[in-house]
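Taking it in order: structure first as structure tokens, then the write-up.
The values are calculated or read from the model by the stated rules, or taken from the named source; none is laboratory data. Predicted, not measured: the structure shown is a model, and the values here were computed from it. Neighbour counts run over all protein chains shown; Cβ positions are idealised from the backbone, glycine included. These area figures cover heavy atoms from the full protein model, side chains too; ligands, DNA and RNA do not enter into them. Shrake-Rupley method; radii C 1.70, N 1.55, O 1.52, S 1.80 Å.
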Amino acid sequence: MDGVLAKLSAKGDSLLFSTYFGGSDIDFPSDLTIDSAGNAYASGFTYSADFPVKNSLQPFTGAIVGYRNDTFLVKVSPSGSLIYSTLLGGDGADYNGGVTVVANGAVYLVGSTASDNFPLKNPLQATNGGGPSDMYIVRLAAESAPVSPLAVSPATVLFRYVAGGATPDPQTVSINSTAGSVAISPVSNASWLTFTNASPNTPTTLTIRADASGLKPGVYNGTIQLDTQAGVQVNFTVLAAGPVLSGISPSVIPTGSEATTITISGTGFQPGATVELSGGTAIATTYVDSGSLQITLDKLSLSQPVTLSFVVVNPQSAPSNPVTLTIGTPTPTFTAASVVNAASFAGGPVAPGEIISIFGSNLNGNVTFDGVPATLVFASPGQVNVTVPYSVSGSTTMLQMGSTNVPLQVAPVAPGIFAAVAVAQNILTLYATGCGALTSDALPRCTLPVSVTVNNEPATVLYAGIAPGLVQGANQINVQLQDAVTSGLLAIVLTAGEVSSKPFNFTTP
């Protein structure tokens, strides 16, 4: 357990800095005070032999007899920089109860100690009075922690290792001295922490390495001590390999939806796994099994359009690969193969003026061809019918719906029959689409030749053009049947230009 020191804005609505502070064992902060310059003084006690120190009055001594602890005092500037971190205590248990700073900058600490060798100066009582513990009171003059002549840059080194990954690269620390050339004999306090010293005297550099061999996932803190006051603090995070995500369902949620439960799928999930937003914000997570986790987003979270990225973290593991969730208008999904003639449902090239059906998911009526709006005939999330603009030309066109673009082949005609109606003896009216370009007459007609066969016998085309009163793209073809064509089941084929429709079956009355 580490201490945490954080500074908030005056209104409490933003974080100015926040940091862990502690070693590899238990660290208890007990009090905090601020001086007139805004410096923070945090006091407490620590069981960590590798508690991070800077210009310390003494090294850690609490582990000499059993499971013991020392008092600590940490001074941090208003911007979050460490001014000093000092230990105080003997070979017994030393506890801090409080800290205060007076106007002249002197610092007072009070606590209890079970140490027979607690550091003393001008004591009122020079020996331990017996019993479980004695009280102590300490006064430190302003900036009384001794200053090492050594300057270390950087003073803290971070390593990170993920199981199965590459060994962390070595890192270099520079050591200089304000007292000229000074002999140093660095010592590491952890078996996983090694170094190479370029020179026994300053200025010099340490090449520091962290070895995860034999280490379980966790956070390890070590120190390379340079003298009694100065050292290099090393933080080594060892992580298990992260789980692997394969999907999220649903992947799109409409803006304004009610609270929605989301399932994240993958492999390698462990009990205690958490789902985190990019940036590290954890979300309440339900563990289903090794391949499934669930989270619930409330209505407020679904009120604004946004794309969210999630990762999964097992206990002491690296994050997984991300999956994304879109809150907003779902992206239309369809393909060229799902664009068909609205009359015959035949696939293939589209033609100017043809009524087509688009099948897919998350569809809407916002359809254009090469940027030209199409005439909307029908719209639902799974099917949209539109008329291809007569301006479409060339061999290809780009069908656009929302953010989805699909290229389509273009042909002059693509005939298909919607219906046939018997209007008189041997006279039929066909309602169709895809007969191509029209004339500019008051009653526009098809510019390309149109012919019809009924039961493989040619019929006489009386009229082929627009269907008055119907939607754009609807064609009307009036035909006269041959006397040889009897009543009953008729197989009708419409040909425009050189392209024929699928047979349309019609039973005469």
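Observations
- G473 vs. criteria within 23 Å of A374 (Cβ to Cβ), surrounded by 12 or more Cβ atoms within 10 Å (Cβ to Cβ), at pLDDT 95 or above and touching a Leu at 6+ places or on another chain (Cβ under 6 Å): no
- If the condition is being hydroxyl-bearing (S, T, Y) and open to solvent by less than 60 Å² (accessible area, probe 1.4 Å), then region 259-277 contributes T260, T263, S265, T274.
- Single condition V238 does not satisfy, out of (1) part of a strand (DSSP E or B); (2) under 25 Å from Q58 (Cα atoms): (2)
- Given (1) in contact (Cβ under 8 Å) with a residue 12 or more places away in the chain; (2) farther than 30 Å from G266 by Cα, number of the condition A337 does not satisfy: (1)
- Among residues of region 2-29 being of a type in the set (S, T, N, Q) and surrounded by fewer than 18 Cβ atoms within 10 Å (Cβ to Cβ), the one that is nearest to A190 (Cα to Cα) is T19.
- Matching residues, region 206-227, being at pLDDT 90 or above, open to solvent by 50 Å² or more (accessible area, probe 1.4 Å) and assigned to a strand (DSSP E or B): R209
- Only listed residue being polar (S, T, N, Q) and either free of Cβ contacts under 8 Å to residues at least 60 places away in the same chain or open to solvent by 70 Å² or more (accessible area, probe 1.4 Å) (or both), chosen from S56, S79: S79
- Listed here are the strands (runs of 3 or more DSSP E) enclosed by region 1-110 that have at least 2 residues being within 23 Å of A142 (Cβ to Cβ), at pLDDT 85 or above and over 36 Å from the mean Cα position of the chain (by Cα): 27-34, 40-46, 70-76, 82-88, 94-101.
- Set side by side, the residues F118, F72 differ, and just one is more than 22 Å from S148 (Cα to Cα) and of a type in the set (F, W, Y), which is F118.
- Subset tally (residues that are of a type in the set (S, T, Y) and either over 19 Å from Y431 (Cβ atoms) or open to solvent by 60 Å² or more (accessible area, probe 1.4 Å) (or both)) for region 338-386: 4
- Residues that are in contact with a strand residue (DSSP E or B) (Cβ under 6 Å, 6 or more places away or on another chain), assigned to a loop (DSSP other than H, G, I, E, B) and of a type outside the set (G, A, S), drawn from region 457-508: V471, Q472, L481, Q482, V485, P503, T508
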